[in-house]
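So the structure is just underneath, and the comments pick up after that.
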Amino acid sequence: MHRRAASCLLCLAAAFAACRASDLSTKNIVIGTTTLDQIEQGCGRRFVVALLGEPMQKIELGNDRELWMWGYREKDSAGGASVLIIDNQPRTEDSHAAYVEFDDGRVVRAWRD
């Protein structure tokens, strides 16, 4: 009886871990044009972070200028979601980046590739 209960608990724990890992790996930030349109010239850093979150990279350009970059991936799947790790559904995945340039802490421009 104890072995059966232990086996059931182990299976449940593995299934929960697989679901949790799947949830984490499919959460993507997609920065669309509507979101970028909210970032106007003159906005501050706090507004940008509140809207997009912390950037992946901050590049000092000199003379109080900075370039912030966010990377994101868009995934399209031809089928439904599955808990299994093995997946034979065709997918496409495109990598993109969004950029915000600051001068003296204020937005100069924002764009995405």
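Computed from the coordinates by the stated procedures, all read-outs in this text should not be read as laboratory data. The model shown is predicted, which means the values in this text are computed figures rather than measured ones. Please note: Cβ atoms are built from the backbone with ideal geometry, for glycine as well, and neighbour counts cover all protein chains shown.
Modelled spin-label separation between Glu101 and Phe47, with each label point placed 7 Å from Cα along the Cα-to-Cβ direction: 1.8 nm.
Residues whose amide H lies under 5 Å from that of Cys43, counting only those 5 or more places away or on a different chain, are Val107; hydrogens are built 1.01 Å from N in the peptide plane. Subtracting the Cα-Cα distance of Arg112 and Met56 from their residue separation scaled by 0.36 nm leaves 18.8 nm.
Under 12 Å from the Cβ of Val107, count the other residues' Cβ atoms, weight Lys and Arg +1, Asp and Glu -1, and hand me the total. Walk me through the intermediate numbers first.
Numbers: positive: Arg45, Arg46, Arg65, Arg106, Arg109; negative: Glu40, Glu66, Glu101, Asp103, Asp104.
Overall, the nearby charge balance is 0.
Here Thr35 and Asn63 are evaluated by their C-beta separation; at R0 = 22 Å the FRET efficiency comes out at 0.20.
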